[in-house]
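The values are calculated or read from the model by the stated rules, or taken from the named source; none is laboratory data. As the structure is a prediction and not an experimental result, all values here were calculated from the model. Every residue, glycine among them, receives a Cβ derived from its backbone with ideal geometry; neighbour counts consider all protein chains shown. The accessibility values were calculated without ligands, DNA or RNA, using every heavy atom of the protein model including side chains. Shrake-Rupley method; radii C 1.70, N 1.55, O 1.52, S 1.80 Å.
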Amino acid sequence: MVYTLNWEYHTDTEIVFMTNTDRLLTKYSKIANSLIGRIESGEFPPGSKLPSLRKICLFEECNLSTAVEAFGILQERGFISGRERSGYFVLPRPELYPKYKLEKPVRVPNPSVPEEVSSLMSELADPGFIPFGAAVPDPQFLPYSSLQKAYKKSLKDSQVYKYSDAAGILELRKKIAIRSSGPERRVRPEEVFITLGCSEAAFLALSLSTKPGDKVAVESPLHFVLYQILSELKLKAIEIPTDPFTGLDLQSYISVIKKESPKFLITIPTFSNPTGSLMPLGSKKELLKISSRYGVKILEDDIYGDLQHNGGIRPSSLLSLDAEGIVTHVSSLSKSVNPGLRIGWMISDQIKVENARRLRLAEAISLPAIPQLAASYFIGSLAHERHLREFRRRLGGLVLSYADSFLEYFPKGTKVAIPKGGFLLWIELPKGKDSRVLRFQAVKKKISLVPGNLFSLSGKYVNNFRINAGVLMGPKVISAIQTLGRIAKEI
């Protein structure tokens, strides 16, 4: 959605914000207060772009350094975010976020995945569909030329013509170990096991640590592929509610531990799938303390961890904070670099890695060398860092644009949880609306989306759905959102 911003003074707004104290304020403070007033009044809604620094200087009759100081105040107070070569955009205010009712924990003795999943996967493979249901970035975001160079290098590497280590090529494992280490956990290459994507890593981690009938606590909602793994391994699940902004509810987690004594917790604490929630650093540390106290191991899915929108420091993973070795960490390059590489990994204790190595030797000896070598040349390179920086910058604006479009075209009362990273949007329809009906009608229009019930083993979230906001916006995408909005109003 494009906003037309008219730079005019509004006398009533100024009266509200001009006090005796304000008269003594510096010029840049007055400019900042004026902008805050206009943001809070809704003149500059979340996702909209502020006038350029040059225009601020022109209309406020100030110099550039004064305008920069004013924008600095707005950034410090969390009203705006600067994006390289794009300008400054209004951020959603936490106090204006929709309030969500926290569900109670739910025990699911025999997890099973609805048959809808298989038909959904068929839709995602159909190029004729608008791919709102796929959790993959738009191909135009992918670093094609840099990866091609990495592939060319790998073809000249002598390791291409040999079986690689069953745990993965050592150089790749070294790169992943370095990037995964943190203040409390120094990861060694021997603790890294390369897999075919994140899903295989999660399957390995749980299959090597549990037996049929074991109880596993899972945050809810949660990506349905992880539920498929639980079903396949015949594990009993207890769904723990989450907040769509801050993640797992720790009090509910403690309650479940005391009542059910789960062996494992499955969580996506950094930009969850589907909600995009980010667990605060303090809560992550508290989660580790609780789990250690009660002897619960943690499976952390960190596949979106590199995709923070603000361009600042990457949020800490649970693994990087884990001083006691209770976290098994799984991730991949599928969301941040290229899903076609099929490069994922499991980070765990050496015993688990050795057991995984034995399984690999029995099943396939080793993984293909070329993708691993290409990934090892690319990860940590200047090209990789440039790609991530640009990708994050573009995602931040794109996600806000999607959120704004859904709020504009969907029924009144629709809620959108705007994430701080990743490219997924968790959308709640007004009471009485069923996302399964929305999906059924959307399929007829060749639009894919994922209904909320697939993210719960107990069938919750029927009025929620997940959208891939990583598809570049254009006329077809806007038209598809408008179409979905019309359907949502009718169902």
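Assorted remarks:
- DSSP loop trypsin sites (Lys or Arg not before Pro) with at most 15 other Cβ within 10 Å excluded, longest remaining stretch of the chain: 235-411
- For Ser158 and Ile491, the difference between the fully extended length at 0.36 nm per residue and the C-alpha to C-alpha distance is 113.9 nm.
- Annotation: amide H of Ala237 within the under-5 Å range of Val108, Val216, sequence separation 5 or more or interchain, hydrogens built in the peptide plane.
- In a reduced charge model with +1 at each Lys and Arg Cβ and -1 at each Asp and Glu Cβ, the chain shows a dipole moment near 620 debye about its Cα centre.
- Under 5 Å, built H, 5+ apart or other chain: amide partners of Ile80: Gln75, Leu91
- Each of the GluC sites (Glu not before Pro) that DSSP puts in a loop and that has at most 13 other Cβ atoms within 10 Å breaks the chain; the longest unbroken stretch is 116-323.
- Ratio of Rg to Rh for the range 387-490: 0.97 [Cα atoms; Kirkwood radius as inverse mean 1/r over pairs].
- If the Kirkwood radius is taken over C-alpha pairs of the range 337-438, then at 4 °C and 1.567 mPa s the Stokes-Einstein diffusion coefficient equals 72 µm²/s.
- Amide hydrogen proximity for Ile130: with H placed 1.01 Å from N in the peptide plane, the residues at 5 or more positions away or on another chain lying under 5 Å are Ile447, Ser448.
- Size of the range 144-383 from its Cα atoms: along the principal axes, largest to smallest, the extents are 57, 43, 30 Å.
- Inter-label distance, nm, simple model (7 Å from Cα along the C-beta direction), Asp434/Glu190: 5.7
- For the chain, the solvent-accessible area of protein heavy atoms averages 45 Å² per residue (probe radius 1.4 Å; ligands and nucleic acids excluded).
- With contributions of -39500 (n - 2.57) from each DSSP H run of at least four residues, the per-residue ellipticity at 222 nm computed over the chain stands at -13000 deg cm²/dmol.
- Restricting the calculation to Cα atoms, every distinct pair contributes to the Kirkwood radius of the chain, found to be 24.1 Å.
- Normalised contact order of the range 27-91, rounded percent, pairs of Cα under 8 Å and 6 or more residues apart: 41
- Largest-first ellipsoid semi-axes for the range 27-91, taking √(5λ) over the Cα gyration tensor eigenvalues, angstrom: 16, 13, 11
- The range 114-231: relative contact order in percent, alpha carbon pairs under 8 Å with at least 6 residues between: 13
- Added length on full extension, which subtracts the Cα-Cα distance from 0.36 nm per residue, Thr246 to Lys476: 79.5 nm
- The length gained on full extension between Lys289 and Glu354, counted as 0.36 nm times the residue separation minus their Cα-Cα distance, comes to 20.7 nm.
- Under Karplus coefficients 6.51, -1.76 and 1.60, residue-wise ³J(HN,Hα) of the range 157-163 in Hz, glycine/proline x: 7, 5, 5, 4, 9, 10, 5
- Take every Cα pair under 8 Å whose residues are at least 6 apart in sequence, average their separation, divide by the length of the range 302-419, and the relative contact order is 24 percent.
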